[in-house]
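This report concerns only the one structure given below.
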Amino acid sequence: MAIGTTALSMFENEQLPFFLCVFDLERLEFLTVSKSCFSILGYTQQEMEGGKFIDFIADEQEAKKGLEAIDDNLKTGVDLVGFQNNYKHKDSSIVNIIWYTGKGKDSKTFAIGIPKKII
């Protein structure tokens, strides 16, 4: 997947207070995540890329909420703005993430995940 130079530098920045990702809505999979995912969720890029994003969601109820939002997004084409759900940090703590998404080509979606504690 082609990523512009500015966006690529953001994906490489470990110090961002948010993380960027590209995911496939049909396969429910992270395709690319920024290095800042480590400081926010404790996982490296390699641990998240190719993983099903519902596997990182805190619990079954949160996973259901996330899947319903994705289903609505696929049906309506409306981007998620301010959608919140809880993710599991690698240390087992919970991180509330606020999502902002934009549709890319095919079923690829670009997203910014912002931990609620910094807002």
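The values are calculated or read from the model by the stated rules, or taken from the named source; none is laboratory data. All figures in this text were calculated on a predicted structure; none of them were measured in a lab. Positions of Cβ are backbone-derived with ideal geometry, glycine not excepted, and every protein chain shown enters the neighbour counts.
Tell me which residues, restricted to the stretch 52-72, are of a type outside the set (Asp, Glu) and either surrounded by fewer than 16 Cβ atoms within 10 Å (Cβ to Cβ) or part of a helix (DSSP H, G or I) (or both). Answer for the stretch 52-72, where residues must be of a type outside the set (Asp, Glu) and either surrounded by fewer than 16 Cβ atoms within 10 Å (Cβ to Cβ) or part of a helix (DSSP H, G or I) (or both): LYS52, PHE53, ILE54, PHE56, GLN61, ALA63, LYS64, LYS65, GLY66, LEU67, ALA69, ILE70.
For LEU31, the criteria (1) touching a Cys at 6+ places or on another chain (Cβ under 9 Å); (2) surrounded by fewer than 20 Cβ atoms within 10 Å (Cβ to Cβ); (3) under 18 Å from LYS90 (Cα atoms) hold in every case but one, which is (3). Remark: pairs (first residue in the stretch 34-45, at positive phi; second residue in a loop (DSSP other than H, G, I, E, B) and surrounded by fewer than 17 Cβ atoms within 10 Å (Cβ to Cβ); Cβ separation under 9 Å; 6+ apart in sequence or on different chains) = GLY42/HIS89; GLY42/LYS90; GLY42/ASP91; GLY42/SER93. Per the conditions (1) out of contact with any strand residue (DSSP E or B) (no Cβ under 6 Å at 6 or more places or on another chain); (2) closer than 20 Å to PRO115 by Cα; (3) hydrophobic (A, V, I, L, M, F, W, C), the sole criterion not satisfied by LEU8 is (2).
Would a scan of the stretch 33-44 turn up a residue that is of a type in the set (A, V, I, L, M), touching a strand residue (DSSP E or B) at 6+ places or on another chain (Cβ under 9 Å) and not in a strand (DSSP E or B)?
yes
Only residues that are outside any helix (DSSP H, G or I) and surrounded by fewer than 17 Cβ atoms within 10 Å (Cβ to Cβ) were counted across the stretch 2-27, and they come to 10.
Within the stretch 84-105, being modelled with pLDDT under 90 and in contact with a helix residue (DSSP H, G or I) (Cβ under 6 Å, 6 or more places away or on another chain) holds for no residue. Annotation for the stretch 89-100: at least one member residue is basic (Lys, Arg) and either surrounded by fewer than 18 Cβ atoms within 10 Å (Cβ to Cβ) or assigned to a helix (DSSP H, G or I) (or both). For the stretch 73-83, a tally of residues being surrounded by 10 or more Cβ atoms within 10 Å (Cβ to Cβ) and either at pLDDT 85 or above or assigned to a loop (DSSP other than H, G, I, E, B) (or both) returns 5.
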